[in-house]
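**Q** Could you have a look at this structure, given as structure tokens, before my questions?
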Amino acid sequence: MVATAEGGDAIDIACVGVTKTFRDFWMRPRVRAVDAVTLEIRRGQVYGLLGPNGSGKSTTIKMLLGLLQPTAGRIAILGKRPTDVATKHLIGYLPEESYLYRFLTGRETLEYFGRLFGLDARARRERIDMLLEMVGLEAAQHRPVGEYSKGMQRRIGLAQSLINDPQLLILDEPTSGMDPVGARQIKDLIATLARRGKTVLLCSHLLGDVEDLCDRVAIMYGGRIRAEGTCAELLTQEHSTILETSDMPDGVVAEVKELLARHHLAVKRIEHPRRSLESLFLEIVEKAQAEGLVTTGASSGGPVAGFLAAGGAGATPTAGNAAAVDAGLLESLTRGQSRP
């Protein structure tokens, strides 16, 4: 049963006092990677998990996925223990490094993961077509993944994390290696998935991505959560005020300064507002595209795949999902053989 918060929203991830201690050969405590972490992520939220290298983020993710057992504390994922096999078809995961089979093409990669989730041939074909269009890899779908740039590998990695229509999406550095256009498209996609009711746990060193996307943020250091809240709560500077108007003549500026001085206030800075470098970059690229200029590699992504429905139904597991995939699966993919 999925836990529900007081406000009525389902809680997809809940951690209470979670600690992970790694021990040496003689079972002596060596490193406390995660120390008494408590957090709660509700249905439909984009939650940012931040921290420098070695802060405990990756260890926390591995415990959420059931790859590591916590030394202490409790974890619930979609209302179940992380080791519960039945929930795996409701989770999508993009690791920090794109662990892909280099000899498979982009399409064969998605075919492989579709079979792992027990999708039938028709569902696999339809979903693969939609995902390739969505991440802008239609033109490169028959190229081996080993020939992809890092940004293109992140795109196909994101597509594989969505092949099963997951309810919970765990993304570790999803825009790493991408150009600003691709990064903007991926951020827009994540925001759209959240609006459709999917829950996203986002780890990124690109703080601008987190600020743009996340409903709530936790900052880790030394295995502990040092700050947690909404971006507005964490970033608002209560002791400063910004006034924005149209361009003011010098005389008006002088009057404003005089008025503030009567209240014992001083103007610290007067300047014209600046746009972001990202917005300028995207404007130049969009203008070039409108003029008909073309480029190679990944194209602009298409619409969100239609099967990624609100709530995330997930792939329907078959009886063979829990068993190991037979050794002929990769071979059949590379030979282009057909399997039901």
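The values are calculated or read from the model by the stated rules, or taken from the named source; none is laboratory data. This one's a predicted model, so the numbers in the text were calculated from it and none came from an experiment. Glycine gets a Cβ as well: all are built from the backbone with ideal geometry, and neighbour counts include every protein chain shown.
**Q** Suppose we filter the stretch 159-177 for residues that are crowded, with 22+ Cβ neighbours inside 10 Å and under 18 Å from V210 (Cα atoms); how many remain?
**A** Final tally of qualifying residues: 6.
**Q** For the structure I just gave you, tell me whether Q141 is over 28 Å from E283 (Cβ atoms) and either among the polar types (S, T, N, Q) or assigned to a helix (DSSP H, G or I) (or both).
**A** yes
**Q** Let me ask you something else. Out of the residues in the stretch 69-99 meeting the condition of being closer than 27 Å to R155 by Cα and part of a loop (DSSP other than H, G, I, E, B), tell me which one is farthest from the chain's Cα centre (by Cα).
**A** P82
**Q** Here's something else I'd like to know. For residues that are within 19 Å of the chain's Cα centre (by Cα) and farther than 19 Å from G79 by Cβ, tally how many sit in the stretch 15-59.
**A** Residues that pass the stated criteria total 12.
**Q** Something else: Just to verify a result, which residue in the stretch 178-199, among those that are over 14 Å from C214 (Cβ atoms) and of a type in the set (S, T, N, Q), is surrounded by the fewest Cβ atoms within 10 Å (Cβ to Cβ)?
**A** Selected residue: T192.
**Q** Of all the residues that make up the stretch 201-231, how many are of a type in the set (A, V, I, L, M, F, W, C) and more than 23 Å from D12 (Cα to Cα)?
**A** Looking only at that region, the number is 2.
**Q** Now, a different point. Can you name the number of the only condition in (1) part of a loop (DSSP other than H, G, I, E, B); (2) closer than 30 Å to P144 by Cα; (3) at pLDDT below 75 that I270 fails?
**A** (2)
**Q** Moving on to the next point. Is it the case that some residue within the stretch 138-145 is modelled with pLDDT under 90, surrounded by fewer than 23 Cβ atoms within 10 Å (Cβ to Cβ) and touching a helix residue (DSSP H, G or I) at 6+ places or on another chain (Cβ under 6 Å)?
**A** no
**Q** Hey, among E233, E147, E173, which residue is free of Cβ contacts under 8 Å to residues at least 12 places away in the same chain and closer than 27 Å to R102 by Cα?
**A** Being free of Cβ contacts under 8 Å to residues at least 12 places away in the same chain and closer than 27 Å to R102 by Cα holds for just one of E233, E147, E173, which is E147.
**Q** Take the stretch 61-86 and flag every residue that is crowded, with 19+ Cβ neighbours inside 10 Å and out of contact with any helix residue (DSSP H, G or I) (no Cβ under 7 Å at 6 or more places or on another chain).
**A** I61, M63, L64, A76, listed by residue number.
**Q** Further question: Please work out if I163 is within 16 Å of L50 (Cβ to Cβ), touching a residue at least 12 places away in the same chain (Cβ under 8 Å) and among the aliphatic types (A, V, I, L, M).
**A** no
**Q** Right, next: If you go through the stretch 188-204 one residue at a time, do you hit one that is assigned to a loop (DSSP other than H, G, I, E, B), modelled with pLDDT under 95, touching a helix residue (DSSP H, G or I) at 6+ places or on another chain (Cβ under 7 Å) and not aromatic (F, W, Y)?
**A** Within the stretch 188-204 (the criterion being assigned to a loop (DSSP other than H, G, I, E, B), modelled with pLDDT under 95, touching a helix residue (DSSP H, G or I) at 6+ places or on another chain (Cβ under 7 Å) and not aromatic (F, W, Y)), the answer is yes, since at least one residue qualifies.
**Q** Does the stretch 205-221 include one or more residues that are over 21 Å from T59 (Cα atoms), small (G, A, S) and in contact with a strand residue (DSSP E or B) (Cβ under 6 Å, 6 or more places away or on another chain)?
**A** no
**Q** Looking only at residues that are assigned to a helix (DSSP H, G or I) and among the small types (G, A, S) in the stretch 144-157, which one is nearest to T105 (Cα to Cα)?
**A** G146
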